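The values are calculated or read from the model by the stated rules, or taken from the named source; none is laboratory data. Just so we're clear, the structure is a prediction, and the values are computed from it rather than from any experiment. Backbone-built Cβ (ideal geometry, glycine too); neighbour counts: all protein chains shown. Only protein heavy atoms, including side chains, enter the accessible area calculation; ligands, DNA and RNA are left aside. Shrake-Rupley method; radii C 1.70, N 1.55, O 1.52, S 1.80 Å.
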Amino acid sequence: MVRRLRRLTWTLVAAAGAMGLGVIYGPALQRTYYLIRLNATDSDTRVNAMNHLAQLTRGHPDGAARLAEALAAETTQGDPDGAGAADEIAAWAVQHNESFRTALGTGLDGPQDQEFLIRAMWLERVGDWRRPQRSFGELLRRERLRLQSPDPVERRVAIHAIVRHRIDMTVDVRAAIVLATHDDIAEVRRYAAIAASICLGTNAAPVLVDLLQDPQPPVRREAVLQLSHWAAGDFDAVANLVAHDLDAGVREAACWVLGGSAAPLALPVLTQSARTDPSEPVRRMATWGLGQLASCTDGVAPVLASLLSDTDEIVAWRAARGATGLPVQQIPTSPLLAALAGGQENSRAAVATALGRCPPDPRIRDALGDALSPALSSNNWPVVLALLGGLGAHGDGESLRLLSELVSNESVPPIYRWEAARLVSEIDAVRGWGCLQALMADTPDEVRELAAWWLSRLAPQLESARIDDPVIEARAIEAWAMALAGACERLPLADAGVNESSSEASSDEAEPGEDWKAYGYELYARVLCGDEAARPQLDTYILNQHVSRVGIFVTLLEHGESLPLDLLLGDDPTVDVRSLLVDARVGEVFAYYRPDAPRVSHEDDPDLQRWQLERLRDFWQVYGSSAPPGRDR
């Protein structure tokens, strides 16, 4: 019994001592133990050691470096089960073990190619594979290796990465891009066409021309679209695609390129395509291309006139839009009048706009007036505004009478009455003053504010003019900003604090999210008025992605265009880019600063808006914020 008690006592003492030593030396001993076990011949033993070391090497650079080597070796040389387990361990360690992540980066100079690629992949998972964390040499080495991969997906991703990182264009990289245009996989060749356009500059033209003969339609389509950036002079190659390519998507893209070239020789090719191509999208794009030639090529007017009565409503719409660009003396009045009376509903706004550019003619004025009543009944606001604009452009006595009657008609939506009053004031300032004063008496606040804004513009012309309502006068500047942004009929203004009761009422009725949008307009007005304190607030507003048309507009004007556009023209699916860019004013401002950029207009049909937006993305990817001036698109 005594012996047993002694043994038990010694066992307890030994256990207590071991526990004490474990607390003091345990992690270090365990780390040493598992580092030794990394050399085991059995894969399961090595994986078990790596699993423990993912935790134990925190704060221990030497152990982390040894773990990085072991995980990379297991992933590239071990059996499939071991490689999968090692990859999972590395995925955890790179996120939670700073020493391991550092070891991966510092060990990039020495390893063999496969280990280098593995390390790069793990670093990329945590966003650590980019400048400035990684050198251009490291970025380039990875993409050169991936371009040699037997996996076509890897080769495609490599091309994309070269573009994304804007890797320095060494001779080797240029050669790799050109070589990729001959890849066995079509998708790799298509990406190579994009990379050539972005990375080779003007040297991309012969590479892209060669790709026009590619057997795969997606590659030819991409090549011709990218060729538009550098080689508009390669007319014959592009025209040949329009006339003879068997794929409708390629012909459509080639029509777009020909139209953007503004080359008179494009007229017969586009005319033939618009009239006879079996594909509706191709006919529509050819019609758009004819419209781009309208201001610089003789003989376009009769072709567009014949297309105004086309059975395809989009062809008719684009023909009417093209007619607005014709020299005034060439605008086909009679076909436009026929289209206004009995043509496609969707094209009538463009038809009315084209008629508004014609010299004063009683026939045109009467036709615009006759079309106004049914357009008001259907509340087709683009058509109504275009008809009103046409009457205002004519500016004769009868047009003035029609517009004045509309202002006094209380059954007409207030926003149309405001537009009519504004047009009256441009024809006859005194008469317009009376119309605007009448609007301030009985219309919603938004329209009253617009009337106040326009009255303030007329005031210098009329000595006796004054604004009777001081509240409206105080808020006129916000109304001006709102109208300038083209959203007066869609979003309420943020109350400026001059009328507290009005502010409380409007806040109760506001839809969720409207306050943020209105706040953007308020900041915009303050910036335009010279309030420097509002500028950083507007920057914060935009950077927090509370973006609006006004945010884009003012940033284009005030910040060299680049602040939001890299975000908005990228691939972020949370931003509704089309709703931001397809706007009466924003599109015009973008075109002003980027005359070579594809135009995105609210007056175009939705299909063309989407197409132009995609081309705008292409343009921004190629040129970014350094786009050179050039021809209109």
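One residue stands out in region 190-233 among those that are over 19 Å from Ala254 (Cα atoms) and open to solvent by 40 Å² or more (accessible area, probe 1.4 Å): the one that is modelled with the highest pLDDT, namely Asn203. Note on region 390-425: residues that are surrounded by fewer than 17 Cβ atoms within 10 Å (Cβ to Cβ) and assigned to a helix (DSSP H, G or I) amount to 5. Consider Leu123 carefully, then state whether it is open to solvent by less than 30 Å² (accessible area, probe 1.4 Å), in contact with a Leu (Cβ under 8 Å, 6 or more places away or on another chain) and either assigned to a helix (DSSP H, G or I) or acidic (Asp, Glu) (or both). Spelling it out, Leu123 is indeed open to solvent by less than 30 Å² (accessible area, probe 1.4 Å), in contact with a Leu (Cβ under 8 Å, 6 or more places away or on another chain) and either assigned to a helix (DSSP H, G or I) or acidic (Asp, Glu) (or both). When the residues of region 426-444 are filtered to those that are closer than 22 Å to Ser377 by Cβ and either outside any helix (DSSP H, G or I) or at pLDDT 90 or above (or both), the one that is most open to solvent (accessible area, probe 1.4 Å) is Pro444. Listed residues Ala352, Ala338, Ala386, Ala367; which is in contact with a Ser or Thr (Cβ under 6 Å, 6 or more places away or on another chain), assigned to a helix (DSSP H, G or I) and among the aliphatic types (A, V, I, L, M)? Going through Ala352, Ala338, Ala386, Ala367 in turn, the sole match is Ala386.
Residues of region 282-298 that are open to solvent by 40 Å² or more (accessible area, probe 1.4 Å) and without any contact (Cβ under 8 Å) to a residue 60 or more places away in the chain: Ser295, Cys296, Asp298. With (1) modelled with pLDDT of 95 or more; (2) in a helix (DSSP H, G or I) as the list, and Arg156 as the residue in question, which single condition is left unmet? So the condition that Arg156 fails would be (1).
Considering region 250-272, the residues that are of a type outside the set (Gly, Ala, Ser) and outside any helix (DSSP H, G or I) include one that is most open to solvent (accessible area, probe 1.4 Å), namely Leu265. Pairs are defined by a Cβ separation below 8 Å, a sequence spacing of at least 6 or placement on different chains, a first member in region 118-140 that is over 19 Å from Ala70 (Cα atoms) and touching a residue at least 12 places away in the same chain (Cβ under 8 Å), and a second member that is open to solvent by 50 Å² or more (accessible area, probe 1.4 Å) and outside any helix (DSSP H, G or I); the pairs so defined are Phe136/Asp168; Leu139/Arg130; Leu139/Arg131; Leu140/Asp168; Leu140/Thr170.
Residues in region 319-334 that are open to solvent by less than 50 Å² (accessible area, probe 1.4 Å), touching a helix residue (DSSP H, G or I) at 6+ places or on another chain (Cβ under 6 Å) and not in a loop (DSSP other than H, G, I, E, B): Ala319, Ala320, Gly322, Ala323. Please verify whether Glu187 is open to solvent by 20 Å² or more (accessible area, probe 1.4 Å), in a helix (DSSP H, G or I) and within 30 Å of Ala70 (Cα to Cα), treating the condition exactly as stated. Considered against the rule, which asks whether it is open to solvent by 20 Å² or more (accessible area, probe 1.4 Å), in a helix (DSSP H, G or I) and within 30 Å of Ala70 (Cα to Cα), Glu187 comes out as no. Scanning region 279-315 for residues being touching a Leu at 6+ places or on another chain (Cβ under 6 Å), of a type in the set (S, T, N, Q) and in a loop (DSSP other than H, G, I, E, B) gives a total of 1. Taking each residue of region 354-383 that is among the acidic types (Asp, Glu) and looking for partners that are open to solvent by less than 40 Å² (accessible area, probe 1.4 Å) and part of a helix (DSSP H, G or I) with beta-carbon atoms closer than 9 Å, six or more apart or interchain, yields Asp361/Thr333; Asp361/Leu355; Asp361/His394; Asp370/Leu340.
When residues in region 23-68 are screened for being in contact (Cβ under 8 Å) with a residue 40 or more places away in the chain, in a helix (DSSP H, G or I), open to solvent by 30 Å² or more (accessible area, probe 1.4 Å) and not polar (S, T, N, Q), 2 of them pass.
Report, by residue number, each residue of region 368-389 that is more than 22 Å from Gln437 (Cα to Cα) and open to solvent by 50 Å² or more (accessible area, probe 1.4 Å). It would help to see each step written out before you state the result.
The first filter runs over region 368-389 and keeps only residues more than 22 Å from Gln437 (Cα to Cα), leaving 368-384, 386-387.
Across region 368-389, the qualifying residues are Asp370, Ser373, Pro374, Ser377, Ser378, Asn379, Trp381, Pro382.
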